[in-house]
1. Restricting the search to region 89-116, which residues are among the small types (Gly, Ala, Ser), closer than 30 Å to PRO146 by Cα and part of a loop (DSSP other than H, G, I, E, B)?
2. Take the residues in region 288-327 that are of a type in the set (S, T, N, Q) and open to solvent by 70 Å² or more (accessible area, probe 1.4 Å), then tell me which one is nearest to the chain's Cα centre (by Cα).
3. Which number in (1) closer than 23 Å to LYS13 by Cβ; (2) assigned to a helix (DSSP H, G or I); (3) open to solvent by 30 Å² or more (accessible area, probe 1.4 Å) marks the one condition that GLY154 misses?
4. Specify which of the listed residues (LEU391, LEU371) is in contact with a helix residue (DSSP H, G or I) (Cβ under 7 Å, 6 or more places away or on another chain) and more than 25 Å from TRP217 (Cα to Cα).
5. Of the residues in region 266-285, how many are open to solvent by 20 Å² or more (accessible area, probe 1.4 Å) and touching a residue at least 40 places away in the same chain (Cβ under 8 Å)?
6. Return the pair list, or none, for Cβ contacts closer than 9 Å from residues in region 1-27 that are open to solvent by less than 70 Å² (accessible area, probe 1.4 Å) and aromatic (Phe, Trp, Tyr) to residues that are at pLDDT 90 or above and not in a loop (DSSP other than H, G, I, E, B), at least 6 apart or on different chains.
7. Would you be able to tell me the number of residues in region 244-260 that are touching a helix residue (DSSP H, G or I) at 6+ places or on another chain (Cβ under 8 Å), in a helix (DSSP H, G or I) and open to solvent by 30 Å² or more (accessible area, probe 1.4 Å)?
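The values are calculated or read from the model by the stated rules, or taken from the named source; none is laboratory data. Being a predicted model, the structure only gives us computed values, none of them experimental. Positions of Cβ are generated from backbone atoms using ideal geometry, with glycine treated the same way; all protein chains shown enter the neighbour counts. For the accessible areas, the whole protein counts, side chains as well, though only heavy atoms, and no ligand, DNA or RNA atoms are used. Shrake-Rupley method; radii C 1.70, N 1.55, O 1.52, S 1.80 Å.
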Amino acid sequence: MTPARHLVDVVVKPIGPRCNLACEYCFYLDTDHLFPPDERFRMSEQTLETFVRENIATQPGPQVNFLWQGGEPTLLGVEFFRHAVRLQQRHLPDGWRCSNALQTNGTLLDDEWCRFLRENDFLVGISIDGPAGLHDRYRRDRHGRPTHAGVMAGRRLLHQHGVDHNALCTVNAVNADHPLEVYEFFRAEGIDWIQFIPIVEHERKVVTSRTVSPEQWGDFLIAIFDEWVRHDVGRMHVRHFEECLRVWAGLPAMSCVMARTCGTALAMEHDGTVFSCDHFVDEEHRLGNIAERPLRDLARLPTQQRFGLAKHDGLAHSCQTCEVRFACWGGCPKDRIAPDPSGGPDRDWLCEGNRRFLRHADKAMTAMAELWHQGRDPALIMSKLAEEEALRWRSTGRNDPCPCGSGRKYKMCCLGHEPEGAGDPLTPAPAQVSSRPLRG
């Protein structure tokens, strides 16, 4: 009898924590203490083949996902990944196919890399924190030099070679205060798929100065959402918003952060050691090694099952009755460091920001979900909101408060100088709920 297959995603670290950059907020660079002082931090051919074989055996098919991260995986050189692709083809059952996603800082990409990535249909996630002044605040190389120019050079090469790519943008204490500047940067660059990752660092539950505050996080999401929902649904794919739309439409969240439970996104080090999650690479969450135990067995360990269920079972008391719990489920367990006013388990550091955003987005998300259930394009929300905005301006009397929110009378403020497009409904673009993989 063929063993039952277990669907699990594995974030692979083929070069461990080694990286050519020294981003101040990187949570992964200090994991080298888990290994001997003379560790080489390079996946061996034997471990690579074992992983390729095990990952294929663990997936239900006919598509198998490979998620390559680091550190900086391009430090391994393109030949390592050529060999990985050959091994994938060697071990794939007939009729199956592989997808490969590579997360990179982009600074080491060249024409050879981009030709390989294009020829083998890799999806590339490139880490960019917005325009240079914001990006370079925390993302510098090991000599303290700014990296934005090098990252953007890599991004241009990806574009020139037609490599499918998207952006991972961390939201930290600095760029969180400039949401529209960050968003407009990506829009102007033609980067139309973005994942925002909040930076939450702490030492014994005391956060660092780089950590985004709950208020900043909520303001950041709301500012970008208001721009996106009025102008860019179907044009710009913001993973956080599209995940929300999935949840409002009654579909399961694809992001473990927004799911009821977690535990199916494992992390594997260069030596084949598997951990519960790439945010929990420590001795407590070490599951074992694929050289000693099959990957599917490691994923089924009772300790891993408990780890995944703890996301729900360990919810703070205030989460139990929260009206937006269905779209949050207490956030990522790594961020549960804030005392809960109701007592009991800690809640998500970002709780108030998430709650405020989800409440703010509810009306538009509900409308888009209804459109989707009707078989209509969720992007129609843009023309609906434009019509409502135009009506609001048209129905304002001279002595009424100005719709711009200044607090002044309309006749003393915007009368005769209404914002551009205030009376012109938008033409919607085709929209879809995206499912492209990109992990932080």
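1. Filtering region 89-116 down to residues among the small types (Gly, Ala, Ser) leaves 95, 99, 101, 106.
Still in the list and also closer than 30 Å to PRO146 by Cα: 101, 106.
Selection gives GLY106 alone.
2. Taking region 288-327 and keeping what is of a type in the set (S, T, N, Q), we get 289, 303-305, 318, 320-321.
Now drop any that are not open to solvent by 70 Å² or more (accessible area, probe 1.4 Å), which leaves 303, 305, 320-321.
Working: THR303: 26, GLN305: 23, GLN320: 25, THR321: 27 Å.
Filtering first and then ranking leaves GLN305.
3. (3)
4. On the way: LEU391 fails: in contact with a helix residue (DSSP H, G or I) (Cβ under 7 Å, 6 or more places away or on another chain).
The match here is LEU371.
5. Going through region 266-285, the residues open to solvent by 20 Å² or more (accessible area, probe 1.4 Å) turn out to be 271, 279-280, 282-285.
Next, only the ones that are touching a residue at least 40 places away in the same chain (Cβ under 8 Å) stay: 271, 279-280, 282-283.
Qualifying residue count for the region: 5.
6. Matching pairs, first to second residue: TYR25/THR170.
7. 1
To keep it simple, each residue is scored yes or no on (1) of a type in the set (Lys, Arg); (2) buried (at least 20 other Cβ atoms within 10 Å of the Cβ); (3) at negative phi.
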position	(1), (2), (3)
ASP94	no, no, yes
ARG97	yes, no, yes
ALA101	no, yes, yes
THR104	no, yes, yes
ARG115	yes, no, yes
GLU119	no, no, yes
PHE122	no, yes, yes
